[in-house]
Amino acid sequence: MWSTLRDEAPRFFGYYNLLFIGEAFLHTLALSYLGALLGFVIGFALALFRHPRLFPILPLRLFAIAYVEVFRRIPFLVKLMCVFFAFQIAGWRGSMFTVALTTVVLSAAAFAAEIVRGGFDAVHRAQWDAAEAMNMGRADTLWRVVLPQSWPVILPPAFGYTIGFVKSTSIASQIGVLELTYVAKVLNTRGFSALICFGTILLLYFAICWPTKLLGERIERRLTTRVRPVAEPMMA
Amino acid sequence: MSYLAIDGLSAAYGRQPVLTDVTLGVEKGEVVSLIGPSGSGKSTLLRVLVGLLAPAAGSVAIGGEQVDYRDRRSLRAARDRFAIVFQQYNLFQNMTALRNVTIAPTIVKKRTQTEVEAEARALLVKVGLGEKFTSYPDELSGGQQQRVAIARALALRPDILLLDEITSALDPELVNEVLDTIRLLAQDGMTMIIVSHEMAFVREVASKVVFMDQGRIIETGPPARIFDAPETPRLKEFTAKILRHR
Ligand SMILES: Nc1ncnc2c1ncn2[C@@H]1O[C@H](COP(=O)(O)OP(=O)(O)OP(=O)(O)O)[C@@H](O)[C@H]1O
Ligand SMILES: [Mg+2]
């Protein structure tokens, strides 16, 4: 086994292959990170729309609920196909990458909306009541009272789902998006062993996921440690 | 007309009526106590007063000024005059005791930080928490948390303080420190509406006791009359139950 690897390696890691793999790596990275990030922004907005105390507007709520319920339940590949055909019908000539990114954003939004909603739910109702009774506005209540308590609940699963999307992006190879799994398949059919092809992208996937996990843990620690203002207690 | 005049007030959660034709007057400096079985609408009445639940009918006037709960300006003005303390989770968990007290005066009333902070410290000292300025709610006992909540309410300089069973969630040994704080306020002449199950305390501080049942006021009177000579069968039953509990 090692001998085949040794024989293949110089040719496999040749200039053009590296360029090919490098581009795929960037695409996977962009799909998962940019997709998860944009998805989070949209999902956050959906969670706000859904919150009865922030937007007591029924159609908005219903839209947000329907969106989340539908998009969370459809498998990624099916969503991918739907977006693909939607692009065709609409006559948009986006690249396959754009189709895949749109799909990631749309599904990430649904998951993020649920995660953010969970974060809001973790804050006791009396906190909203207390703020409202003191004439604090909704935006102030959200930013100063609710979100600071929600972030520690929101961020760990948010990083978890980002890692999940790194994996989902491999499905985009099905429609020919140049990303890591696609590259492995192509190089494999060009005669390189499955071991070196998939072994390489395995390490690259790991190189994306592992720092994500560390970053998530680091931010989580940041948020759960308290900044205590230095103030001298005044004696009675 | 009373300082706080509640007239024919009704409210509902969805289609279920929870307050029906409540009429009640509270004079300046008076301590009124709301008693009644669970679900009788005591909390709901306080929630309606601070505008957390819109009334379906009736009127509320403070100092002769009508409150229109559908009008933002009027609602804001009413909330400026009331302050409320709930049974629990009053304090913003992400802020120190001091910040909990200063937040509304600074960001809502736009008063200067230094002035508000000095006042907040004095208030915390007054409720016996001079050493807890930088503690977070989960680092305080339940009784201490409620006293911070009272200090926070006072920092809003309310005309009328509403207390909704603020000792009910506390361990028995912590109840007295909170009641002492309320006694102090009563001596200061603070106008208060207190919902409480501490009947001995109600008897001691209240100038008027209001008995509610099923969203209605059934009986109103001075504590001695309410507890010793209940007139309606429902109040008789209620006081008998409570006495049996003691
Ligand atoms: N958020 C709500 N949604 C629907 N119904 C509610 C809500 N809050 C209270 N109710 C109902 O309103 C009625 C009055 O409740 P309220 O909380 O005012 O009673 P209470 O006198 O404060 O009781 P307790 O002594 O248990 O606090 C009850 O029947 C209760 O079930
Ligand atoms: Mg209640």
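The values are calculated or read from the model by the stated rules, or taken from the named source; none is laboratory data. Remember, predicted model here, so these are calculated numbers, not experimental data. In this analysis, Cβ positions are derived from the backbone assuming ideal geometry, glycine residues included, and neighbour counts consider all displayed protein chains. What goes into the accessible areas is simple: the full protein's heavy atoms, side chains included, and nothing from ligands, DNA or RNA. Shrake-Rupley method; radii C 1.70, N 1.55, O 1.52, S 1.80 Å.
A few notes on this one:
- Sole exception among (1) in a helix (DSSP H, G or I); (2) open to solvent by 10 Å² or more (accessible area, probe 1.4 Å) for A:Val145, by number: (2)
- Any hit, the range A:150-160, residues being more than 14 Å from chain B (Cβ to nearest Cβ), open to solvent by 30 Å² or more (accessible area, probe 1.4 Å) and without any contact (Cβ under 8 Å) to a residue 40 or more places away in the chain: no
- In the range B:28-52, the residues that are away from ligand 1 (no atom under 16 Å from the Cβ) and among the β-branched types (Val, Ile, Thr): B:Val31
Every residue, every condition in (1) part of a loop (DSSP other than H, G, I, E, B); (2) more than 16 Å from ligand 1 (Cβ to nearest atom); (3) surrounded by fewer than 17 Cβ atoms within 10 Å (Cβ to Cβ), yes or no:
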site	(1), (2), (3)
B:Ile6	no, no, no
B:Ala54	yes, no, yes
B:Arg73	no, yes, yes
B:Ile84	no, no, no
B:Tyr89	yes, no, no
B:Lys110	yes, yes, yes
B:Glu115	no, yes, yes
B:Ala118	no, yes, yes
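- One residue stands out among those in the range B:147-166 that are open to solvent by 10 Å² or more (accessible area, probe 1.4 Å) and within 16 Å of ligand 2 (Cβ to nearest atom): the one that is nearest to the chain's Cα centre (by Cα), which is B:Asp164.
- Here B:Leu174 meets the list (1) within 16 Å of ligand 1 (Cβ to nearest atom); (2) of a type in the set (A, V, I, L, M); (3) crowded, with 17+ Cβ neighbours inside 10 Å almost entirely, failing just condition (1).
- The helices (runs of 4 or more DSSP H) found entirely in the range A:1-114 that carry 3 or more residues being touching a residue at least 60 places away in the same chain (Cβ under 8 Å) and within 18 Å of the chain's Cα centre (by Cα) are A:15-29, A:35-50, A:76-90.
- Look at the range B:12-25: where a residue is on the phi > 0 side of the Ramachandran plot and a partner is open to solvent by 80 Å² or more (accessible area, probe 1.4 Å) and more than 7 Å from ligand 1 (Cβ to nearest atom), sitting 6+ places away or on another chain with Cβ atoms under 9 Å, you get B:Asp21/B:Arg216.
- One residue stands out in the range B:21-44 among those that are more than 14 Å from chain A (Cβ to nearest Cβ) and of a type in the set (Val, Ile, Thr): the one that is farthest from ligand 2 (Cβ to nearest atom), namely B:Thr23.
- Test for B:Ala77: is it more than 28 Å from B:Gln146 (Cα to Cα) and out of contact with any helix residue (DSSP H, G or I) (no Cβ under 9 Å at 6 or more places or on another chain): no
- Some residue of the range B:52-75 being within 16 Å of ligand 2 (Cβ to nearest atom) and within 24 Å of B:Val205 (Cβ to Cβ): no
- Meets criteria (without any contact (Cβ under 8 Å) to a residue 40 or more places away in the chain, open to solvent by 20 Å² or more (accessible area, probe 1.4 Å) and assigned to a loop (DSSP other than H, G, I, E, B)) for B:Ser38: yes
- Between A:Val166, A:Val227, the distinction of being modelled with pLDDT under 90 and in contact with a Cys (Cβ under 8 Å, 6 or more places away or on another chain) belongs to A:Val166 only.
- Residues satisfying the stated conditions in the range B:122-146, i.e. open to solvent by less than 30 Å² (accessible area, probe 1.4 Å) and either within 13 Å of chain A (Cβ to nearest Cβ) or in contact with a Pro (Cβ under 9 Å, 6 or more places away or on another chain) (or both): B:Leu123, B:Leu124, B:Val127, B:Leu129, B:Gly130, B:Phe133, B:Ser135, B:Tyr136, B:Pro137, B:Gln146
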